[in-house]
Structure formats: structure tokens, C-alpha cells
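Okay, so here's the structure we're looking at.
The values are calculated or read from the model by the stated rules, or taken from the named source; none is laboratory data. Predicted model only: the values in this text are computed from it and were never measured. Cβ: placed from backbone, ideal geometry, glycine included. Neighbour counts: every protein chain shown. Heads up: the accessible areas ignore ligands, DNA and RNA and are worked out on the full protein's heavy atoms, side chains in. Shrake-Rupley method; radii C 1.70, N 1.55, O 1.52, S 1.80 Å.
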Amino acid sequence: LFFWQKKKPLNKGKDEVRALLADTPRKSLPSLANSLDPERRMYFGLDLISTFLADKDTSILTKAAEVFILRTYRGYTIHDIDTIDTKDVVDKAPAGSLHLAWTFSPPG
């Protein structure tokens with residue numbers, strides 16, 4: 001997932017990455033976040049996944065946010081990532097706001 005063809009501009013592979021996020025079950029996101037395919041010389045990093053953090057589809061948005069966290073904290077052990085309903089956090093929060101909480105352990 002995190003390798004996309006270096007010759008291909010990031011915006012060219014965006015549709016394929018969006019389809020990959022749509023087709024990946026939430027339980028498979030950790031594997032997706034840590035996938036690597038050096039033989040194909042591909043690149044897909046945080047700069048590309050961050051483009052989905054404003055997606056209108058909440059499923060894509062949530063999965064992108066989880067993959068972003070998993071990728072950013074890949075040196076740590078992520079125990080849990082929870083999606084929190086905005087009304088649970090702030091009364092009268094915009095319905096489109098995404099809140100995530102995660103627990104992790106540092107390496108060592």
C-alpha cells in the first residue's frame with residue numbers, strides 16, 4: 001500500500017488508493033498500513049493518505065485516519081483505535097467532525 005509507482009504522480013494513483021481503502025475491511029487496516037512491495041518500486045505514504053482526511057465518504061475518511069495513525073506510530077504497538085461520535089465529545093459539534101482515540105505502547 002505504501003509504495004506507489006515513483007513515475008506516477010500522486011494524484012494519478014489516488015483513485016486506486018481510494019478503491020483499496022473502500023475494499024479493505026477495518027480489521028485488515030493494520031496489515032494494509034504496514035504493507036510493503038519493494039519489487040514493484042511503488043510509493044504510497046502519508047502525503048497521499050492524508051488527501052483522504054477530507055473525504056465526504058465517512059467510511060473512507062475513517063479508514064484513512066486509522067491508516068494514517070497506524071503508519072505514523074508504526075514503531076509503537078497500537079492496542080486500540082476507537083472512533084468517537086462527535087456528540088460524545090463536544091455538544092453541538094459539526095456532524096462531519098471525526099474524532100479518534102488510540103492507545104499505544106512505546107517500543108522497548
Practice prompt. Filter region 1-37 down to residues that are at pLDDT 70 or above and assigned to a loop (DSSP other than H, G, I, E, B) and give me whichever is surrounded by the fewest Cβ atoms within 10 Å (Cβ to Cβ).
Written response: PRO25
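Conditions tested, residue by residue: (1) modelled with pLDDT of 90 or more; (2) touching a strand residue (DSSP E or B) at 6+ places or on another chain (Cβ under 7 Å); (3) open to solvent by 60 Å² or more (accessible area, probe 1.4 Å).
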| position | (1), (2), (3) |
| --- | --- |
| GLU39 | no, no, yes |
| LEU61 | yes, no, no |
| THR72 | yes, no, yes |
| TYR76 | yes, yes, yes |
| ALA93 | no, no, no |
| GLY96 | no, no, yes |
| PRO106 | yes, no, yes |
Worksheet item: Which one is nearest to the chain's Cα centre (by Cα) among residues in region 44-59 that are open to solvent by less than 20 Å² (accessible area, probe 1.4 Å) and hydrophobic (A, V, I, L, M, F, W, C)?
Response: ILE49
